[in-house]
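Novice: This is the structure, below, for whatever I ask next.
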Amino acid sequence: MPKTFNAKTMEKFQALSQRYPTKDALLLPVLRLAEEEFNGIDDDAMELVAGLVGVPPAKVMSVFTFYTHYRRAGSGKYLLQVCSTLPCALRGSQEIFEHLKKKLGIDSEETTKDGKFTLKKVECLGSCGTSPVVQINEDYYENLTTEKLDEILNKLQ
Amino acid sequence: MDKVTLYINGTAVQAQKGATVLEAALSAGIDIPRLCFHSALPPQSSCRLCVVEVKGARGLIASCSLPAAQDMAVTTNSEKLFKYRKYILELILSNHPMDCMTCEKSGECELQEYAYKFGIKQTPIRGEVTNYPIEATDPLMMIEHSKCILCGRCVSVCRDLWATEAIDFSKRGFSSKISFPFDKPRLESDCVFCGNCITFCPTGAITERSALGKGRSWEVKKIPSVCPFCGCGCNIEINTKAGKIVKITSNENTPVNKGLLCVKGKFGYDFVHHPDRIGKPSACSTDPSADSASFVQQPCGENGHPCYPSTSLHENLIKSSERLSRPMVKKGGKFHEVSWDEAMNVVSGRLLEMKQKYGAEALGVLCSAKCTNEENDLMQKLARTLLGTNNVDHCARLCHSSTVAGMVQSFGGAAMTNSIEEIEKASCLFVIGSNPTENHPIIGAIIARTAMKGAKLIVADPRAIHLTKFASAWLRHKCGTDVALINGLLNVIVKEGLQNNEFINARTENYEDFRNSIEKYTPEYVSGITGVPKEEIIKAARIYASSKNAMIFFAMGITQHTTGTDNVLSVCNLALLTGNVGKEAAGVCPLRGQNNVQGACDVGALPDFYPGYQKVNDPNARGKFGKAWGIPLDNKIGYTLTEMVNFAAQDKIKALYIMGENPMMSDPDLLHADEAFKKLEFMVVQDIFMTETAQLADVVLPATTFAEKEGTVTNTERRVQLMRRAIQPWGDSKPDWQIICMLGKKLSSVLRRNEPAFGNVYFDYDSPAEIMDEIASLSPVYGGISYDRLGKIGLQWPCPDKNHPGTKFLHKDRFSRGQGRFNVVEFRPPAESADNEYPFTLTTGRVLYHLHGGSMTRRSTGLDFILHEGYVEVNPEDAERLGFQHGQHVNVTSRRGTIKIKANVTDKVPPGTVFIPFHFAECAANILTNNALDPVSKIPEYKVCAVRIEV
C-alpha cells in the first residue's frame, strides 16, 4: 500500500511548501517530516515525498542517500551515529568506529540481530569542539574514549 | 557588446559573451582535455581535467564552467597542467578496471583515449576500489559501475535533454554511484529505455547489452540512415558487421535529433533479423512471460559479462512471425513458395483479368507510409497508368486526412508549418490531442525540456500524459469535445481583446462570420460540454494569446473523430486569431505518425492528388501527368481507403494490392474489415512479414526492410532525407521499388499488345535517384530535390528549384491559399456516446514501445520484453465499482465486438473513460472501434466509442 501522511503532517507540509522557493529546497524538510511520521524513511516514504514535492523518485533517493543525517526505517532501538569528519577523525573517531564494529559485530548501516543497535558512520555533527562525538538517537555524547563509550552502551537497555 | 576578446596561449580569441573559456578555446581550434563536458549538456565541472591557468587567478580553474572575460589571459597547455591532468587520470584509473582488451567501448572510450595521450600504462596509485555488481536486469542495456567515472553526463541527459529524470547519483564521496530509485531494476523505474545515457557515457559504464560481443568500433561500419518508426525522422547510424546490424547509434551533428534517440529507434531494429524463415513452424511454446523471467535471472557468463539470449523471447507470440523471404501464392487455402517470375505472372494476369471483368474502378491500391517516396510514387503511378484507376490511398486516411482537409481550407497547405528545431524558441506550447512523449519521443522530449526551461505549456487531453507534469494549464476535456473547447478559448480571447488585429486585417478573411459564430461559446457554456472548469479555460486562453510565439501541436486526438476536419479548422482559427502562424517558432504542427506518412501524401498516394498535391480532376494537372507518364489518365477522384474496404464488402471493389500496410490491425471495426477482405476476388500483399492482412492474401511478395534498401523519406517537418542501404536483402526479398518496377514492366508488356500506348509507360528505373528526378520534375514542392543535394541534413520542402535552400517554416508573408481563412465551426457530439448499455467511453492510441499493428516492434526482443501484452486503462473508481483488480483480465465489449484484455487500473484516465493501445492482435482495440466517418475526410472515429466492461 502506498504511504500517506496523516492530517497533522499534511498541515505541516502545506506550511512548509509556502516557505521554500524551490522544490529542491522543500525536499529536505519534507524528508524530515516523513522521518518523524514513519519513524524512519523507507522506499515507500520516498515515493510519497517525491509525489508531494513534485520531484522524481531518483532525486529523492539521491538526496536521502547523500545526507547521512536522515534515519532509514528499520533502524535499531539505538542509532549510533559516529562522526567521521576531519576534527573527529583527528581526535580518534576511526578508533571509536572500529571499536563499535568489533563490539557489536556489525558494519556501518547494519543493525545487531537483537535489533538493539544500528551503527552508522556520518558526516560532521557540528560539535568539533567536543570531538570525537557519537550521536545516539537524539543525544550527543562528547569527548569520547572507547572506555567512556563502553560505559554508555552498558547503560542503554 | 556581445563579444569578448580573451588571450588563449597568447593568441587573441573572440568569444560570444557568456561563452565559457572551454567553448571559446574549442571554437578557436584549441583542444583542452575533458571528460565530463559535453557540448549538448550544461557543464558538470566534475572531472577537473579541463583545468587551465588564468593569469592573476589563484589555483587552476575548470575551463568548462569559467565564463570568458575581456582580456582574460589563459594557458591551456603547460608542464604543470600536463602533470596535474595526468594525476587526475591516474586517480580515475586507480578505481577503474584496465580491461580495455575486452571492453565494448574500446576504441571509442574517451578515458582510454586520454590514457593513451598521457602515456599511462598502469596507474601508480593503489587504493580502495568500488565493487558494485553489474546491473543487467533487461536485455537492452547494462551498467558496469566499476567503469563509471561519475561524470554525471547520463544524469544530465536524462534530466536536461530527455526530461525523464529516471537516474541520479546516490550515496556520497567514494561510495557514490549512478542509481535508479531504490536500486530497483530499470524496468520498475521511470526509465524509458531511450539509451541516450549510452550515447553520452564517455566510458564503457553504460552499454547496449543487446550488442554485447557483436563487434567493436573498428569492426563495424556505420551507415547513416533514417529511423523507420515514427514521423520525427531521426537520423541514425546503422552499425553493421558481417552483414548484420549490431546496433543503432546517432551523432550530435544530425539535424533532427542531435544525436538523441528513443527506445524504438535505438533498440527496435532487430525485427530486421527476425530469426526464422517462412514455413518453419514456431519452435517455442512456453509462456513468454516465464521466458522473460528466467532471462532476467540468468547468471553472468564466464568472463563476467551477463549472457544474452541467442533467440527471440517470444517466438510463439504471433504465428508466422517470420521475415518473408520468397514470393508465395495461395493454392487450396495454403501458401506455396514460387519464383519471382511466376509470382509476377500470377499478379499481372489476375489484376488484368479483374480489370477486364469488372472495370478499372473495381481495383484498388494501398500505398504505404512505411515505404519511401520513390516507392509510393511508383505505386500510385502504376495504379493511375497501367491499372487505370485513381483508387489509391494509404493509412494517412486513418491518421491525418482530416488535417489535410482542414489545413488546406484554412492555410492552403497541410504540413507542419514549422521545424522541430524551432520548438525551443517558442514561448508557449499548446499540445492538444497528442501525446508526443510516447508517439513522437524526440519532439515530446524537446517540448518537455522547453517547458522546464520556462516556456508556458498548455496540455488539452482527457488522459494524464507525461507532459501534463510540466503544464501551466491542463484542460482535461471529455473525449470528442475539442471544437467546443477551442471555441471557448477563442471566445475568451476575443472577449478580452487579446486577438491580433493587425494580423487579422492584413492576412485573413471571413473574420466577421467567425467572430459571430463563437459568441455563444462562453466559458460557462463550454465548461458544461467539456467538463473543464471555466477558470482553466480562461487561464489557458490568456496564456496562449499573450505569448509572443505560440506553437500548437496536435495529432490523432484531434484528427480521428467524425469531427476531425472541424477540429483541425478550430485549431487553425486559434492560430489565425492570435497571429501565431507564418513566423518562426509559431504555427500549427500536426505531428505525423509514420516515418514517411508525410512523403506518401506528398508523392500522391492519395485518391484525389497526383504528386505535389495536384488535383486529379484538374485538367491541367491531368494533362501534365498524362503527358509525362505517356498515357491519358482518369479524371475521376478515386476511393479512399475506408471506402475501398466498405466497397469490398459490397462487391464494388474486387481486387486490392496492398504494399506495406496492415489494415487488418489498423482499420476500425476489424470484424467488418475481415469480412470485406475475404470477399475480394484477388488480393496481393507486399510486406516484410506474414502480417494479419497478408494471411488473407492470394499472393504475398517479400519486400525488404528500411535497412536493406535506398530511398528518401519525408519527416513531419517536411524534411526529405536519404535512407541508405546498410545490409543485403534478406533471402529472395526485394526492395519495394524493384518489385513495382518488375510488375510495371510485366503489366505494360501485356497491355501494349492491345494498346500500344501502354508501351510508353516507363518502369525501367535503375535506381531510386532516377525516380526522385521524375518526382522533382513533376511536383513543384519537390522541384529542387535530388539525391546529390540531400547530403547529411536533407532538404525541407517547399524546395522549388536546384538553388533553393529549402523552407524552415511555411506561410511567411502569404498563405499558400493567399489569405488565411477563418472558418465557422459548430460543436457536434461524437457519433457514439456512452449510454446505459455501453457506459464507458473508449479512446485508443499508441504507446512508446510499439508502433501501429506491431508488425515490427512486437518482433523486437527488447521492445517486447518491456511491453509484452495489451491492456485497458481503467480509473480506480470504476474498477472498484465493477469489482476487479489491477492486472486482472476483463471483457471489453462494444456494439461491434468483444476482446479479453488485462486491466491496468490507473488514474491516468478519468472515471468513465478507458484507454486501449491498438498494437496487440490478441486483444485488438480495433475490434471495438467505430467506423463512423468524418463526412469531409472520411477518417474513422478511433478516438471515441462506447463500451462496457465485464469481469
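Novice: Excluding residues on the same chain fewer than 8 positions from residue A:103, give the lysines whose Cα lies under 17 Å from its Cα.
Specialist: A:77, A:113, A:116, A:120, A:121, A:148, A:155
Novice: I would also like to ask the following. With the crude spin-label approximation of a point 7 Å out along Cα→Cβ, what separation in nm comes out for residue B:9 versus residue B:877?
Specialist: The modelled label-to-label distance comes out at 6.8 nm.
Novice: Could I ask something else about it? Which residue, B:440, B:790, A:27, has the largest displacement toward the positive end of the dipole of the protein assembly as shown when charges sit on each Cβ (Lys, Arg +1; Asp, Glu -1)?
Specialist: B:790
Novice: Another question, then. Partner chain Cβ atoms within 10 Å, averaged over the residues of A:49-61 - can you pull that number for me? Write out the running numbers ahead of the final one.
Specialist: On the way: counts 0, 2, 0, 0, 0, 1, 2, 11, 9, 18, 7, 3, 10.
The per-residue average across the peptide is 5.
Novice: Along the Cα→Cβ direction, 7 angstrom out, place labels at residue A:11 and residue B:902. What is the inter-label distance in nm?
Specialist: Spacing of the two 7 Å Cα→Cβ label points: 4.4 nm.
Novice: May I ask for the Rg/Rh ratio of the range B:371-527, computed from Cα atoms with Rh as the Kirkwood radius, given to two decimals?
Specialist: Numbers: Rg = 19.4 Å, Rh = 18.7 Å.
Reported Rg/Rh (Cα atoms, Kirkwood Rh): 1.04.
Novice: Modelled label-to-label distance, residue B:425 and residue B:84, 7 Å Cα→beta-carbon offset: nm?
Specialist: About 3.9 nm, to one decimal.
Novice: From the phi angles alone, apply the Karplus equation (6.51, -1.76, 1.60; θ = phi - 60°) to the range B:156-168 and give each ³J(HN,Hα) in whole Hz, x where the residue is Gly or Pro.
Specialist: My calculation for the range B:156-168 gives 5, 5, 5, 8, 7, 9, 9, 6, 10, 6, 7, 10, 7 Hz in order.
Novice: To the nearest 0.05, how large is the calculated FRET efficiency for residue B:885 and residue A:4 if R₀ is 25 Å and r is the Cβ-Cβ distance? Walk me through the intermediate numbers first.
Specialist: Working: r = 20 Å, r/R0 = 0.81.
Efficiency computed from Cβ-Cβ geometry: 0.80.
Novice: Can you give the Rg to Rh ratio for the range B:183-242, taking only C-alpha atoms and Rh from Kirkwood? Mind showing how you got there, number by number?
Specialist: On the way: Rg = 13.8 Å, Rh = 13.8 Å.
Dividing the radius of gyration by the Kirkwood radius yields 1.00.
Novice: At what distance in angstrom do the alpha carbon centres of the range B:621-674 and the range A:40-113 lie from each other?
Specialist: Between the Cα centre of the range B:621-674 and that of the range A:40-113, the gap is 68 Å.
Novice: Rounded to the nearest 5, what % of the DSSP beta bridges within chain B are antiparallel ones? Walk me through the numbers on the way to the answer.
Specialist: Details: 60 of 106 bridges.
For chain B, the DSSP antiparallel bridge percentage is about 55.
Novice: Net charge near residue B:73, counting Lys/Arg +1 and Asp/Glu -1 over other residues with Cβ under 11 Å of its Cβ? Mind dumping the intermediate values first?
Specialist: Values: positive: B:55; negative: B:53, B:71.
That sum, taken over residues with Cβ under 11 Å, equals -1.
Novice: How crowded by other chains is A:64-74, given as the mean number of beta carbons from other chains within 10 Å of each beta carbon? List each step's numbers first, then the result.
Specialist: On the way: counts 3, 10, 7, 1, 2, 0, 0, 0, 0, 0, 0.
Rounded to a whole number, the mean comes out at 2.
Novice: Oh, and also: Note the per residue figure in Å³ for the convex hull of the C-alpha positions in the range B:344-396.
Specialist: Numbers: hull volume 4.1 nm³, N = 53.
Normalising the Cα hull of the range B:344-396 by residue number yields 77 Å³.
Novice: At a 1.4 Å probe, what is the % contribution of carbon and sulfur to the accessible area of the range B:124-201?
Specialist: 52
Novice: Expressed as cubic angstrom per residue, what is the convex hull volume of the alpha carbon set of the range B:868-951?
Specialist: 96
Novice: Another question, then. Please give the average number of partner chain Cβ atoms lying within 10 Å of the Cβ of each residue in B:172-183, rounded to a whole number.
Specialist: Values: counts 6, 2, 0, 1, 3, 1, 2, 4, 3, 11, 10, 3.
That average works out to 4.
Novice: Amide H to amide H, which residues 5 or more places from residue B:430 or on other chains are under 5 Å from it, using H placed in the peptide plane?
Specialist: Hits under the 5 Å cutoff: B:458, B:551, B:552, B:553.
Novice: Further question on the same structure: Could you rank B:58, B:216, B:323, B:895 by how accessible they are, 1.4 Å probe, largest area first? Intermediate results must be reported in sequence, preceding the final value.
Specialist: Numbers: B:58 230, B:216 50, B:323 0, B:895 110 Å².
Of B:58, B:216, B:323, B:895, the descending order of accessible area is B:58, B:895, B:216, B:323.
Novice: Around residue A:43, under 13 Å between beta carbons, what's the net of Lys plus Arg minus Asp minus Glu among the other residues? Don't skip to the answer; put the middle values down first.
Specialist: Values: positive: A:3, A:72, B:184; negative: A:42, A:44, A:47, B:183, B:188.
Here the charged neighbours net out to -2.
Novice: OK, next. Could you state the per residue volume, in Å³, of the convex hull enclosing the Cα atoms of chain A? If you can, show how the numbers build up before the last one.
Specialist: Values: hull volume 20.2 nm³, N = 157.
Hull volume normalised by residue count: 129 Å³.
Novice: Scan the range B:124-163 for trypsin sites (Lys or Arg not before Pro) in coil per DSSP, keeping those whose Cβ has at most 10 other Cβ atoms within 10 Å, and list them by number.
Specialist: On the way: sites: B:126, B:147, B:153, B:159; in loops: B:126.
The qualifying sites are B:126.
Novice: On to the next question. What are the residues whose amide H is under 5 Å from the amide H of residue B:820, where those residues sit 5 or more places off or on another chain and H is modelled from the backbone?
Specialist: B:508, B:509, B:815
Novice: Amide H of residue B:168 versus every other amide H placed in the peptide plane: which residues, excluding those fewer than 5 positions away on the same chain, fall under 5 Å?
Specialist: B:179
Novice: Excluding residue B:666 itself, calculate the net charge of residues whose Cβ lies under 12 Å from the Cβ of residue B:666, where each Lys or Arg counts +1 and each Asp or Glu counts -1. The partial results should precede the final answer.
Specialist: Numbers: positive: B:370, B:397, B:846; negative: B:661, B:667, B:669, B:692.
So the environment of residue B:666 carries a net charge of -1.
Novice: Roughly how much accessible area, to the nearest 100 Å², goes out of reach of solvent when A and B pair up, both sides summed, probe 1.4 Å? Please report the intermediate quantities before stating the final value.
Specialist: Numbers: alone 8940 and 34600 Å², together 42330 Å².
Chains A and B together bury roughly 1200 Å² of accessible area.
Novice: In vacuum, with every alpha carbon of the range B:451-528 counted as one equal point scatterer, what does the Debye formula give for log10 I(q)/I(0) at q = 0.12, 0.22, 0.24, 0.25 Å⁻¹? Two decimals, please.
Specialist: Treating every Cα as an identical point scatterer, log10 I(q)/I(0) equals -0.44, -1.05, -1.10, -1.13.
Novice: Taking all pairs of distinct Cα atoms, average 1/r, flip it, and tell me the Kirkwood hydrodynamic radius of the range B:145-239 in Å to one decimal place.
Specialist: Working: mean 1/r = 0.0665 Å⁻¹.
For the range B:145-239, the Kirkwood estimate is 15.0 Å.
Novice: Taking only protein heavy atoms into account and a 1.4 Å probe, give the accessible area per residue of the range B:3-77 in Å².
Specialist: Values: 3460 Å² over 75 residues.
It amounts to 46 Å² per residue over the range B:3-77.
Novice: Quantify how much of the Cα-Cα distance distribution of the range B:3-77 extends past 13 Å, in percent. Don't skip to the end; give the middle numbers.
Specialist: Numbers: 1649 of 2775 pairs.
Tail fraction, whole percent: 59.
Novice: Per residue, how much accessible surface does the range B:401-590 expose to a 1.4 Å probe? Answer in Å², no decimals. Don't skip to the end; give the middle numbers.
Specialist: Numbers: 5300 Å² over 190 residues.
The answer is 28 Å² per residue.
Novice: Taking θ = phi - 60°, what integer Hz values does the Karplus form 6.51 cos²θ - 1.76 cosθ + 1.60 yield along the range B:208-219, in sequence order, with x for Gly and Pro?
Specialist: Couplings: 6, 5, 5, 9, 4, x, 9, x, 9, 3, 7, 8 Hz.
Novice: What would the Debye equation give as log₁₀ I(q)/I(0) for chain B at q = 0.08, 0.09, 0.10 Å⁻¹, counting only Cα atoms as equal point scatterers?
Specialist: Once normalised to I(0) and log-transformed, intensities are -0.80, -1.00, -1.23.
Novice: Show me, for the range A:28-34, the HN-Hα J-couplings you get by feeding each phi into the Karplus relation (A = 6.51, B = -1.76, C = 1.60, θ = phi - 60°), rounded to Hz, glycine and proline as x.
Specialist: Calculated HN-Hα couplings, in order: 4, x, 6, 4, 5, 4, 4 Hz.
Novice: With a 1.4 Å probe and every protein chain kept in, tell me what percent of the accessible surface of the range B:3-77 is carbon plus sulfur. Can you show the working numbers first?
Specialist: Details: 1690 of 3460 Å².
The computed percentage sits at 49.
Novice: State the three equivalent ellipsoid semi-axes of the range B:204-275, derived from the C-alpha gyration tensor as the square roots of 5 times its eigenvalues, in descending order and whole Å.
Specialist: Working: eigenvalues 72, 40, 28 Å².
Calculated on Cα positions only, the semi-axes equal 19, 14, 12 Å.
Novice: For helix B:534-546, what angle does its Cα long axis make with the longest principal axis of chain B, in degrees from 0 to 90 and rounded to 10?
Specialist: Here the helix axis deviates by roughly 70 degrees.
Novice: Rounded to the nearest 10 degrees, what's the angle between the helix A:57-66 long axis and the longest principal axis of chain A, both from Cα atoms, 0 to 90?
Specialist: 20
Novice: OK, next. Evaluate the protein assembly as shown: find the radius of gyration of its Cα atoms, find its Kirkwood radius, and give the ratio Rg to Rh.
Specialist: Details: Rg = 31.9 Å, Rh = 32.1 Å.
Rounded to two decimals, Rg over Rh is 1.00.
Novice: Between the range B:850-888 and the range B:101-154, what is the separation of their alpha carbon centroids in Å?
Specialist: When both Cα centres are located, 37 Å separates them.
Novice: Looking at B:518, B:505, B:54, which one has the Cα that reaches farthest to the positive end of the dipole of chain B (charges on Cβ: Lys, Arg +1; Asp, Glu -1)?
Specialist: B:54
The values are calculated or read from the model by the stated rules, or taken from the named source; none is laboratory data. Values in this document were obtained by computation on a predicted structure and should not be read as measured data. Every residue, glycine among them, receives a Cβ derived from its backbone with ideal geometry; neighbour counts consider all protein chains shown. Side chains included, ligands, DNA and RNA excluded: accessible areas come from the protein's heavy atoms. Shrake-Rupley method; radii C 1.70, N 1.55, O 1.52, S 1.80 Å.
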